[in-house]
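The values are calculated or read from the model by the stated rules, or taken from the named source; none is laboratory data. Note that the coordinates shown come from a computational prediction; the quantities given were computed from them, not determined experimentally. Neighbour counts are summed over all protein chains in view; Cβ atoms, including those assigned to glycine, are modelled from backbone coordinates with ideal geometry. Remember, those area values only see protein heavy atoms, side chains included, never the ligands or the DNA or RNA. Shrake-Rupley method; radii C 1.70, N 1.55, O 1.52, S 1.80 Å.
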Amino acid sequence: MKLYNSMGPNPQVVRTFAAELGTELATVEIDIMAAENRKPDYLARNPRGQLPALELEDGTIIAEITAICEYLDDLKGGTSLIGTTAEERAATRMWTRRVDLGICEPLANGFRFSEGLPIFQDRMPCFPEASEPLKAMARDKLAWLNDQLSGQAFLCGDRFTLADILLYCFLNFGKNVGQPYDEGLEHVHAWFQRVGARPSASA
């Protein structure tokens with residue numbers, strides 16, 4: 001298997017997930033700053049032009065980070081990162097969707113439409129007027145999440161999952177692009193420190 005890799009939070013999610021599984025992935029670096037992901041060679045693999053993408057031995061391409069992570073998890077026979085019971089898998093997917101739609105997507109688009117505008121304005125529709133409301137949406141949902149994390153180690157209680165990996169990678173990205181999370185959110189801050197201490201966080 002080969003992981004088409006680049007800078008940014010999405011590839012970091014897959015690298016972190018793979019590190020937690022103990023799965024080694026060969027990587028092919030794609031220079032997104034030079035728009036290599038918009039060139040015909042890469043578009044032939046992933047027509048959306050996004051990173052990362054996982055190429056299997058038979059040439060099959062799997063894109064979208066949750067699909068890639070669930071595939072890698074399936075190869076291991078199912079682990080607690082997704083869930084080993086129907087209830088655990090449902091909880092992981094619920095929290096993954098909540099943080100993705102409520103925090104990660106508005107945070108990322110808030111960046112693309114403001115600080116990242118010089119990179120993205122010729123690659124996708126951009127709406128600079130929406131950047132501040134999007135950033136505010138991410139902050140609001142993170143404040144809500146702070147209460148949900150009270151008294152538990154991770155988003156799914158004591159179980160570290162894909163949802164934690166997704167949120168950590170995007171909050172870590174936000175710190176570097178003008179959207180640091182409010183460290184006054186004590187439960188979020190303690191959670192962030194806890195996840196950041198895991199060896200996989202540096203993947």
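Laid out as a table, the results:
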{"read-out": "Estimated vicinal HN-Hα couplings, Hz - the stretch 93-98 in sequence order (Karplus 6.51, -1.76, 1.60; Gly, Pro = x)", "value": "5, 4, 6, 4, 5, 4"}
{"read-out": "HN-Hα J in Hz across the stretch 10-21 - Karplus 6.51, -1.76, 1.60, θ = phi - 60°, x for Gly and Pro", "value": "5, x, 5, 4, 5, 4, 5, 4, 4, 5, 5, 6"}
{"read-out": "Pair-distance profile P(r), taking every C-alpha pair of the stretch 1-79, with 5 angstrom steps and integer %", "value": "3, 17, 29, 27, 15, 7, 2, 1"}
{"read-out": "5 angstrom amide H check on Asn5, placed H, neighbours 5+ away", "value": "Val28, Glu29, Ile30"}
{"read-out": "Cα gyration tensor category, rounded, prolate or oblate, for the stretch 89-203 with a/c compared to 1.5", "value": "prolate"}
{"read-out": "Estimated FRET transfer efficiency when R0 is 22 angstrom, pair Asp31-Met124 (beta carbons, to 0.05)", "value": "0.80"}
{"read-out": "Cα gyration tensor, the stretch 144-197 - rounded (a/c under 1.5), prolate or oblate", "value": "oblate"}
{"read-out": "Using θ = phi - 60° and Karplus 6.51 cos²θ - 1.76 cosθ + 1.60, couplings along the stretch 69-78 (whole Hz; Gly, Pro as x)", "value": "5, 5, 5, 4, 5, 4, 4, 8, x, x"}
{"read-out": "Solvent-accessible area per residue, Å², over the chain with all protein chains present [probe radius 1.4 Å]", "value": "49 Å²"}
{"read-out": "Prolate/oblate/rounded label for the stretch 66-106 (Cα gyration tensor, a/c 1.5)", "value": "oblate"}
{"read-out": "Paramagnetic reach from Asp41 (point 7 Å along Cα→Cβ, amide N under 11 Å) across the stretch 1-33", "value": "29-31"}
{"read-out": "Percentage, to the nearest whole number, of Cα pairs in the chain over 28 Å apart", "value": "27 percent"}
{"read-out": "Protection proxy ranking of 55-62, 90-97 - average other beta-carbon atoms within 10 Å, highest first", "value": "90-97, 55-62"}
